[in-house]
Amino acid sequence: MKEYVARRKGELQAEIALFDRKPGLAVVQVGHDAASDSYIRGKRKDAEGLGLAFKHLWFPEDIGEKELEEAVLKEASDPSIDGIIVQLPLPKGLDEKAIGRLIPLSKDVDGFIFDSPFEPCTPKGIVDYLASVGFPFEGKNAVVIGRSDIVGKPLARLLTRKNMNVTLLHSRTSEEDKKFYLGHADLVAVAIGREGYLDGRFPLKKDAYLIDVGINRGVDGKLRGDILPGREVAYQSPVPGGVGLLTRLALMENVCLAYKEKRK
């Protein structure tokens with residue numbers, strides 16, 4: 001997976017070098033959240049390494065909603081900014097959906113807004129990676145555990161477009177049904193934020209691919225995924241150093257796509 005990301009970054013960097021200006025990415029953050037701070041550092045590193053213009057707008061937690069709205073609208077009208085991200089979560093009292101709707105569809109590089117022209121970054125990154133390694137989507141069985149609007153649902157949609165038979169499991173699915181569907185799955189993606197959830201209780205096919213979207217910090221401070229490490233399958237994505245890299249790569253690809261769409 002790291003090799004794939006490194007190769008794609010090299011291709012993107014060469015493409016960006018031919019653009020008539022640096023594509024611009026603006027990240028709006030309110031307050032300090034340890035995970036958000038880490039994500040933004042990673043995004044800055046990727047963007048600047050590829051030759052993008054990166055703009056980080058930070059505001060204190062007591063910012064008023066109107067002031068925040070004005071800041072987002074300013075970036076929305078800036079022609080040098082091709083993509084805008086409002087880093088979540090926002091502090092209580094700020095309406096995340098209302099703020100998000102201020103981002104023009106043409107700059108919604110996170111792909112969170114309804115009818116956005118961009119695919120959400122994590123699902124896009126996963127599907128692009130699987131395609132790059134020749135995963136046989138057509139007619140195969142996929143199980144997605146977790147039905148969030150950011151990962152689970154859009155990932156199920158993208159896999160359906162690849163002509164997979166997709167089953168979306170969640171907290172109301174019985175253990176018996178989970179075992180049945182997982183036992184027949186060629187691809188399993190878990191995105192629920194529960195350390196080691198997919199463990200030995202669930203039998204898996206030996207040739208299954210496992211995609212671990214979870215990031216959980218254990219009591220020892222180490223990061224672990226939603227899947228118990230070392231499952232005997234064809235492929236299991238690592239945590240850390242797995243899906244997070246794909247997500248950041250997909251974001252950079254979306255920013256470049258937004259830039260190119262302006263040039264049409």
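The set of residues in the range 218-228 being surrounded by fewer than 21 Cβ atoms within 10 Å (Cβ to Cβ) and either under 23 Å from residue 177 (Cα atoms) or touching a helix residue (DSSP H, G or I) at 6+ places or on another chain (Cβ under 9 Å) (or both) consists of 228 alone. Scanning the range 1-26 for residues that are more than 17 Å from residue 264 (Cα to Cα) and without any contact (Cβ under 8 Å) to a residue 24 or more places away in the chain yields 3, 6, 7, 10, 11, 14. For first residues located in the range 100-115 and closer than 22 Å to residue 66 by Cα, partners that are acidic (Asp, Glu) and at pLDDT below 95 and lie 6+ apart or on another chain with Cβ distances below 7 Å form the pairs 105/115.
Among all positions in the range 121-136, there is no residue which is among the hydroxyl-bearing types (Ser, Thr, Tyr), assigned to a helix (DSSP H, G or I), crowded, with 18+ Cβ neighbours inside 10 Å and more than 18 Å from the chain's Cα centre (by Cα). Checked against (1) under 18 Å from residue 246 (Cα atoms); (2) surrounded by 12 or more Cβ atoms within 10 Å (Cβ to Cβ); (3) at pLDDT 95 or above; (4) not aromatic (Phe, Trp, Tyr), residue 140 passes all but condition (1). Test residue 13 against the criterion of being surrounded by 14 or more Cβ atoms within 10 Å (Cβ to Cβ), assigned to a strand (DSSP E or B) and out of contact with any Asp or Glu (no Cβ under 6 Å at 6 or more places or on another chain), and give yes or no. No.
The values are calculated or read from the model by the stated rules, or taken from the named source; none is laboratory data. Computed from a prediction, not measured in an experiment: that's the story for all the values here. Don't worry about glycine lacking a Cβ; one is built from the backbone with ideal geometry, like all the others, and counts go over all protein chains shown.
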